Amino acid sequence: TDYQTILVEQRGAVTLLTLNRPQALNALNSEVLKELITAFAAYDSDEGQRCLVLTGSEKAFAAGADIKEMQAQGFADMYASNFFGGWERVTDTRKPWFAAVAGYALGGGCEVAMMADFILAADTARFGQPEIKLGVTPGMGGSQRLTHAVGKAKAMEMCLTGRMIGAEEAERAGLVARVVPAAELLNEAMKTAETIAGMAPLAAIANKEMVNAAFEQGLAQGIRFERRLFHGLFGSEDQKEGMAAFVEKRPGNWTGR
Ligand code: HXC
């Protein structure tokens, strides 16, 4: 398949999937989502492929959903298109996949990393939910998955202030499985993926389903609730202001409307 925004490589039984929009720090737009849906479906249905690694660049796993794509949209646009509802197609992947994160994993980038079965982090990784600075909220599961992962106190502080946390803090908080030196990230990811790929395929799916069952009680409702509120903010003035301020590289001037 001819992809524009991602790179897909098969290394033995491991699929290495690399986000590839360097000019936008791998910001996630509709094209990226469309290509990821296709690539994850191809992985899931290929019996020769047993583990998938999703990674980005040294500087950014992904710096969020694409602000420039969202900026002009209103509530009706977001709600009618169920904007980013397609991510469920990625999280429906039955076979194991994990995120190998270096650099920024912000907003939607943090949220996609949290969709993975687990996160392997480089010591350069930085996680955050800065959507509040744009006058909105997480919209791809962040308010739910972050809270499950790190607990209310840290999730609330991160969502209300937009503060980023580094790899060490993320590991202490239970957000990432393991931290490795940045130069080792890809090697460690491939070794880990090969270990998983060497296991009985059905047992891998069953283990994944079980751990997710423990994690997911109430998650689906939480994510729908989050998405509707997120869509709703696109009817506010402060969403237009926050996103315009980002594009114009100036601080936001809030009206509270
Ligand atoms: C669109 C983005 C982007 C984004 C970066 N870029 N993040 N474009 N959407 N999320 C673009 C910049 O506009 C710039 O393009 C280029 O990438 C390089 O970014 P710089 O800002 O120049 O890099 P740097 O100074 O190193 O700062 C890195 C950064 C900063 C701290 C990560 O880019 C940043 O704050 N980005 C936004 C992070 C964010 O708010 N994420 C949440 C998005 S909302 P030009 O053309 O100017 O060179 C979200 C909602 C999720 O994710 C819910 C969806 C349903």
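For the range 137-167, the candidate set comprises residues that are in a loop (DSSP other than H, G, I, E, B) and away from the ligand (no atom under 12 Å from the Cβ); within that set, the residue that is farthest from His231 (Cα to Cα) is Gly151.
Here the range 102-125 is the region considered, the condition is being surrounded by 21 or more Cβ atoms within 10 Å (Cβ to Cβ) and assigned to a loop (DSSP other than H, G, I, E, B), and the residue that is nearest to the ligand (Cβ to nearest atom) is Gly107.
The residue pairs whose first member lies in the range 50-64 and is free of Cβ contacts under 8 Å to residues at least 60 places away in the same chain and under 15 Å from Met114 (Cβ atoms), whose second member is surrounded by fewer than 22 Cβ atoms within 10 Å (Cβ to Cβ) and of a type in the set (D, E, K, R), and whose beta carbons are closer than 9 Å, counting only pairs six or more residues apart or on different chains, are Ala62/Arg21.
The set of residues in the range 26-75 being part of a loop (DSSP other than H, G, I, E, B), closer than 18 Å to Ala100 by Cβ and more than 13 Å from the ligand (Cβ to nearest atom) consists of Gln49, Arg50. The criterion of being part of a helix (DSSP H, G or I) and free of Cβ contacts under 8 Å to residues at least 40 places away in the same chain does not hold for Ala244. Sub-9 Å Cβ pairs linking a first residue in the range 107-136 that is touching a residue at least 24 places away in the same chain (Cβ under 8 Å) to a second residue that is among the basic types (Lys, Arg) and in a strand (DSSP E or B), at least 6 apart or interchain, are Phe118/Arg178; Ile119/Arg178; Leu120/Arg178; Ala121/Arg178, ordered by first then second residue. Please verify whether Phe84 is under 13 Å from the mean Cα position of the chain (by Cα), surrounded by 17 or more Cβ atoms within 10 Å (Cβ to Cβ) and in a loop (DSSP other than H, G, I, E, B), treating the condition exactly as stated. Spelling it out, Phe84 is indeed under 13 Å from the mean Cα position of the chain (by Cα), surrounded by 17 or more Cβ atoms within 10 Å (Cβ to Cβ) and in a loop (DSSP other than H, G, I, E, B). Residues in the range 126-136 that are assigned to a loop (DSSP other than H, G, I, E, B) and of a type in the set (A, V, I, L, M): Val136 alone. Suppose we filter the range 15-53 for residues that are surrounded by fewer than 21 Cβ atoms within 10 Å (Cβ to Cβ), in contact with a strand residue (DSSP E or B) (Cβ under 7 Å, 6 or more places away or on another chain) and β-branched (Val, Ile, Thr); how many remain? Of the residues in that region, 1 qualify. Does Leu134 fit the bill of being at pLDDT 95 or above and either within 16 Å of the chain's Cα centre (by Cα) or more than 16 Å from the ligand (Cβ to nearest atom) (or both)? So Leu134 fails the test.
Out of everything in the range 2-14 that is free of Cβ contacts under 8 Å to residues at least 40 places away in the same chain and hydrophobic (A, V, I, L, M, F, W, C), what residue ends up being surrounded by the fewest Cβ atoms within 10 Å (Cβ to Cβ)? Per the stated criteria, the residue is Leu7.
To keep it simple, each residue is scored yes or no on (1) assigned to a helix (DSSP H, G or I); (2) of a type in the set (D, E, K, R); (3) modelled with pLDDT under 95.
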site	(1), (2), (3)
Glu171	yes, yes, no
Leu175	no, no, no
Leu185	yes, no, no
Lys191	yes, yes, no
Glu209	yes, yes, yes
Ala214	yes, no, yes
Glu226	yes, yes, yes
Phe230	yes, no, yes
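When Arg172 is tested against (1) near the ligand (Cβ under 10 Å from one of its atoms); (2) surrounded by fewer than 23 Cβ atoms within 10 Å (Cβ to Cβ), just one condition goes unmet, and that condition is (1).
Conditions tested, residue by residue: (1) surrounded by 15 or more Cβ atoms within 10 Å (Cβ to Cβ); (2) aromatic (Phe, Trp, Tyr); (3) more than 19 Å from Gly85 (Cα to Cα).
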| residue | (1), (2), (3) |
| --- | --- |
| Phe215 | no, yes, yes |
| Gly218 | no, no, no |
| Arg224 | no, no, no |
| Leu229 | no, no, no |
| Gln239 | yes, no, yes |
| Met243 | yes, no, yes |
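The values are calculated or read from the model by the stated rules, or taken from the named source; none is laboratory data. Because the structure is a prediction, the values reported are computed rather than measured. Methodologically, a virtual Cβ is constructed for each residue, glycine included, from the backbone with ideal geometry; neighbour enumeration extends over all protein chains shown.
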